[in-house]
Amino acid sequence: MKVLNVAILGQGRSGLDIHGAALPHDGRFKVAAVVDALPDRREKAAKLFGCPVYADYRELFGREDIDLAVNALPSHFHPPVTIDLLRHGFNVMTEKPMARTAAEADEMIAAAGQSGRMLAVFQQSRFASYYQKVKEVIASGKLGRIVQISIYFDGYARRWDWQCCQEFGAGSLYNTGPHPLDQALDLLDYREGMPEIFCKMDRVNTFGDAEDYVKLILTAPGRPLVDLEVSSCNAYPNFTYNVQGSQGGLQGNLTAMKWRYFKPGEAPEQHLIKTPLMKEDGSPAYCSENLAWYEESWEADGDDTPFTTAVYRMYTTIYDHLTEGKPLLVTPQQVRQQIAIIEKCHQMNPLSRMEG
């Protein structure tokens, strides 16, 4: 088995707690370099990974043993650093958000094409078990024609770090939003154009100048309506997914799902009646029937989270692409559509900026 040498750029929550936590336990990869501007983080990384550490990613230039560079730097560094790495011959997987604008995403895609190197975006939630179960149930047809898909990434929180500052490309839609929005667009499956968009954003509990409430509604011809919410203002979050279909529905969260449905062949035969409905005794009747409902459920294994199994599955697609030439399952072109929608949402909801 070929082992791929990886350089991790950034030792923040993503670089250390996600990539840095997963890769040492995956025999297909070896952490061969770490980059971080902070001396204490470099010192810790040197001890943790036993590899060379650098203060600037450009110190990697000239190393020919790096098979993959993971750009886990703060969000506003994703486009420029990724482009620079691609142009210097590195395969790059950048953290989300891929970019701030569709134009930046286009420049990144062009740089990958010109260099002949891989560009990938770390959208591991596409491979999360709870989401895979949602897709499986919808694809089974048990719920019938899907009318609406509601996705809520909600909770109640106040935030005062760099992830609430517009100058750093932050806010709920750029920070948390790429996970549910990637899933929403995968389910909508309307890659040939831009879906119809309604978006309302607000700044509520944050101490910065970026949004912490987002309501985004997407639809397209022949597709269901997708109701996506990312909110730090919901003190009573109930579910992550709620799917409405012509034969039933699904509801659940990251650890458990349930869905109920009826089988049309078993339903009582009905026909439209325009005259008042009556009971046998001649009194008014309500239009109702008894359907035979089937209910199924799913629960995640204890160690199966979006930051464990999903990360492993995401890295499997990267490994298979780099070693066997298999197509990426999450393409930069798909993520570019996501960025174009986020950009449009910000255009629809301009927020004032803080000075200084």
Residue in region 338-354 that is farthest from GLU107 (Cα to Cα), counting only those that are assigned to a helix (DSSP H, G or I) and open to solvent by 20 Å² or more (accessible area, probe 1.4 Å): MET348
Number of the condition not met by LEU225 [criteria: (1) at pLDDT 95 or above; (2) farther than 20 Å from LEU188 by Cα; (3) open to solvent by 40 Å² or more (accessible area, probe 1.4 Å)]: (2)
Within region 115-158, considering residues that are touching a residue at least 60 places away in the same chain (Cβ under 8 Å) and of a type in the set (Gly, Ala, Ser), the one farthest from SER14 (Cα to Cα): GLY144
Answer from PRO327, PRO284 - the residue that is within 30 Å of SER246 (Cβ to Cβ), open to solvent by 90 Å² or more (accessible area, probe 1.4 Å) and either of a type outside the set (D, E, K, R) or in contact with an Asp or Glu (Cβ under 8 Å, 6 or more places away or on another chain) (or both): PRO284
Identity of the residue in region 27-60, open to solvent by 40 Å² or more (accessible area, probe 1.4 Å) and touching a helix residue (DSSP H, G or I) at 6+ places or on another chain (Cβ under 9 Å), that ends up nearest to PRO80 (Cα to Cα): ARG58
Test: THR101 is open to solvent by 10 Å² or more (accessible area, probe 1.4 Å), at pLDDT 95 or above and not basic (Lys, Arg): yes
Leading residue by the ranking (modelled with the highest pLDDT) among those in region 146-175 that are open to solvent by 50 Å² or more (accessible area, probe 1.4 Å) and among the hydroxyl-bearing types (Ser, Thr, Tyr): TYR152
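Can you name every one of the strands (runs of 3 or more DSSP E) wholly within region 218-318 that holds 2 or more residues which are closer than 30 Å to GLY15 by Cα?
Filter on region 218-318 gives 225-231.
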Residue within region 127-145 that is within 25 Å of ASP202 (Cα to Cα), open to solvent by 10 Å² or more (accessible area, probe 1.4 Å), in contact with a helix residue (DSSP H, G or I) (Cβ under 7 Å, 6 or more places away or on another chain) and not acidic (Asp, Glu) present: no
Residue in region 219-240 that is of a type in the set (Val, Ile, Thr), in contact with a strand residue (DSSP E or B) (Cβ under 6 Å, 6 or more places away or on another chain) and farther than 27 Å from LYS133 by Cα present: no
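The values are calculated or read from the model by the stated rules, or taken from the named source; none is laboratory data. Fair warning: this is a prediction, and the values are worked out from it, not measured in the lab. For neighbour counting, all protein chains shown are included, and Cβ atoms are generated from backbone atoms with ideal geometry for every residue, glycine included. Accessible surface is based on the protein model in full, side chains and every heavy atom, while ligands, DNA and RNA are left aside. Shrake-Rupley method; radii C 1.70, N 1.55, O 1.52, S 1.80 Å.
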